[in-house]
Amino acid sequence: MVASPARRAARTAPPGGRGPATGRSPGAGRAPGASRGAAPVGPPHRVRIVGGKWKRTPLVVPGVPGLRPTPDRVRETLFNWLGQSLEGRACLDPFAGSGALGLEAASRGARRVVMVERDRDAVAAIRAAVARLDAAAVELVAGDAFDALRRLARAGERFDLVLLDPPFGQGLVEQALPLVAPLLAPGAQVYVETGASFAPPPGWRLVRSGRAGNVHYHLVGRDDERPDRTPGEKQA
C-alpha cells in the first residue's frame with residue numbers, strides 16, 4: 001500500500017529543534033522556540049485524556065520549556081461543542097506539542113489524526129503514547145507545522161477538524177489560517193486557542209468561544225459556509 005503524504009513525511013522529516021514559527025513555544029505554549037537552549041528543562045508531568053475509549057489515560061508531558069497542554073476542562077468543553085464523538089472525521093493538529101488534543105480526537109473515534117511536531121522530546125513522548133495506546137489512526141509528522149500545512153495542501157488533503165493551538169503572542173494563528181483554509185472539507189471547523197481575545201479575520205466566522213484563566217478558546221468556520229448565508233450573497 002502506498003503511504004499517504006503525511007505518513008511519508010513522518011518517515012523523512014527531521015525532528016530537529018523548534019523554530020519560532022513552529023510548535024508550541026516559550027511563553028506561549030507547547031514547545032520551545034529558538035530560545036530553548038537558554039531555558040531550563042523541568043521535570044516531566046502528566047495530563048489525562050478526558051473522554052472516549054482512552055478516558056482517564058495519563059499522558060506524559062516532557063519537561064520541555066514552554067510546553068503547554070490544553071487544560072482538561074478546555075478539552076472537555078471543546079469536545080462537548082463538537083458532539084463528543086468524532087467518528088469518521090479526519091483531524092489535523094499542526095502544533096501537536098504534548099499530543100493531548102490530537103490523542104483526545106483519536107480517543108473519540110476520529111478515523112485519521114495527523115499530528116505535526118518539531119521538538120524531538122515532544123515527538124518522542126507522542127510516539128511513545130501512540131505505541132502504548134495502539135493508536136492506529138494517528139500519523140505523526142516530525143517537522144515544521146507551516147511546511148506540513150503547505151505539503152498537505154499540495155497533496156490535496158482535506159480535514160473535518162483542525163486543532164490550531166500555536167504559541168501565544170506571535171501572530172501564528174493569523175499566519176496559519178490562510179494555509180488551513182485549503183485543507184478544510186465542506187462543513188469543517190477549526191479550533192483556535194490563544195492567550196488573548198481573538199476576532200476571526202475576514203473570511204472566517206466565530207461559532208463558539210470560551211475562556212479559562214489566560215486561555216481563550218474558539219471554534220471558527222469559513223464565512224462562506226455560515227448557515228444563514230443566502231446563495232449569491234457576497235462576503236463582507
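The values are calculated or read from the model by the stated rules, or taken from the named source; none is laboratory data. Keep in mind that what you see is a predicted model, and the values were worked out from it rather than measured. Cβ: placed from backbone, ideal geometry, glycine included. Neighbour counts: every protein chain shown. We work out accessible area using only protein heavy atoms, side chains counted, and drop any ligands, DNA or RNA first. Shrake-Rupley method; radii C 1.70, N 1.55, O 1.52, S 1.80 Å.
Roughly what % of Cα-Cα distances in the stretch 44-91 sit above 15 Å, to the whole percent? Show your work: numbers first, answer last.
Working: 591 of 1128 pairs.
Value for the stretch 44-91 (Cα pairs over 15 Å): 52 percent.
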State the answer as a single residue: which of 200, 167, 143 lies farthest towards the positive end of the charge dipole of the stretch 141-216, with beta carbon charges of +1 for Lys and Arg and -1 for Asp and Glu, about the Cα centre. 200
Simple spin-label model, 7 Å along Cα-to-Cβ: residue 223 to residue 181 in nm? 1.0
Heavy-atom accessible area per residue of the stretch 114-236, all protein chains kept, 1.4 Å probe, expressed in Å², is 45
In Å and whole numbers, how far do the C-alpha atoms of the stretch 89-209 stretch along each principal axis, longest first? 41, 30, 28
Heavy atoms only, probe 1.4 Å: what % of the accessible area of the stretch 97-236 goes to carbon and sulfur, would you let me know? 48
Please work out the FRET efficiency for the pair residue 153 and residue 87, using the Cβ-Cβ distance as r and a Förster radius of 30 Å; give the result to the nearest 0.05. 0.75
Scaled radius of gyration (Cα, divided by 2.2 N^0.38 Å) that the stretch 95-138 gives: 1.02
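Under the 0.36 nm per residue contour assumption, what length would be gained going from the current alpha-carbon distance of residue 174 and residue 205 to full extension?
On the way: separation 31, 0.36 × 31 = 11.16 nm, distance 1.36 nm.
Roughly 9.8 nm would be gained on extension.
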Subtracting the Cα-Cα distance of residue 196 and residue 77 from 0.36 nm times their residue separation yields 41.0 nm
